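In what follows, a structure is listed as structure tokens, so that the remarks can point back to it.
Only the coordinates and a few stated rules stand behind these numbers; no lab work does. Owing to the predicted nature of the structure, the values given are computational and were not obtained by experimental measurement. Cβ placement follows ideal geometry from the backbone for every residue including glycine, while neighbour counts extend to all protein chains displayed.
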Amino acid sequence: MSLKSRLRAFLGLPEVEAEIREIKETLSKLSDALEDLQSKVDAQDEQLKRALTELSRKADMGLYYELNERLETTRDEIKAMEAEISSIWDKVKFIEFSFSEHSEEPEMTVEELASIVEHYIRKGLTRPSELKKAVGVSWEKLYAALTYLKLKKRIARIQKGRRVEYVLVEEAEE
């Protein structure tokens, strides 16, 4: 038993290495699932293109309506898959962030944290308290990421009375 293990056992600290290995395995599984979903989306997109090509070649109205229905079904399937990919992507980002918080490796960069914050702003979480809960970081890290995004002109800060909200620059210009 190493000195490090003895010290952890004495202090009652959990074995972080086992948790990190488990998080890595989960991340790997989620990554594989994300790749599978992406290939399904690509296949649906290819089917959609073929349906559009068939539609443009055929003048028969019955076939037009049938292909149009298949097209709408395919679009709905793609939207469902995109939502599932987004959900898995959120989980992957959370696990990556959680892994970076528990590992002895360097922490997540400001750019990576900023991309996560920007993702949640895009989903509609605009207030700092909502973002802090969703991302799960300290106030210092959150405001560092928000400042970074403001400097890159990707978000804008809006003061509404005593409330502060952050919106994407495209939405602020509208």
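Full extension of the chain between residue 26 and residue 143 yields a length gain of 39.2 nm, computed as 0.36 nm times the residue separation minus the alpha carbon distance. Sorting the segments 155-161, 118-124 by their mean number of nearby beta carbons within 10 angstrom, highest to lowest, gives 118-124, 155-161.
On a full-extension model of 0.36 nm per residue, what is the gain between residue 168 and residue 36, subtracting their alpha-carbon distance, rounded to one decimal in nm?
Working: separation 132, 0.36 × 132 = 47.52 nm, distance 3.03 nm.
The residue 168-residue 36 span can extend by a further 44.5 nm.
Peptides 129-142, 68-81 ordered by packing proxy, namely the average of other Cβ atoms within 10 Å per residue, highest first: 129-142, 68-81.
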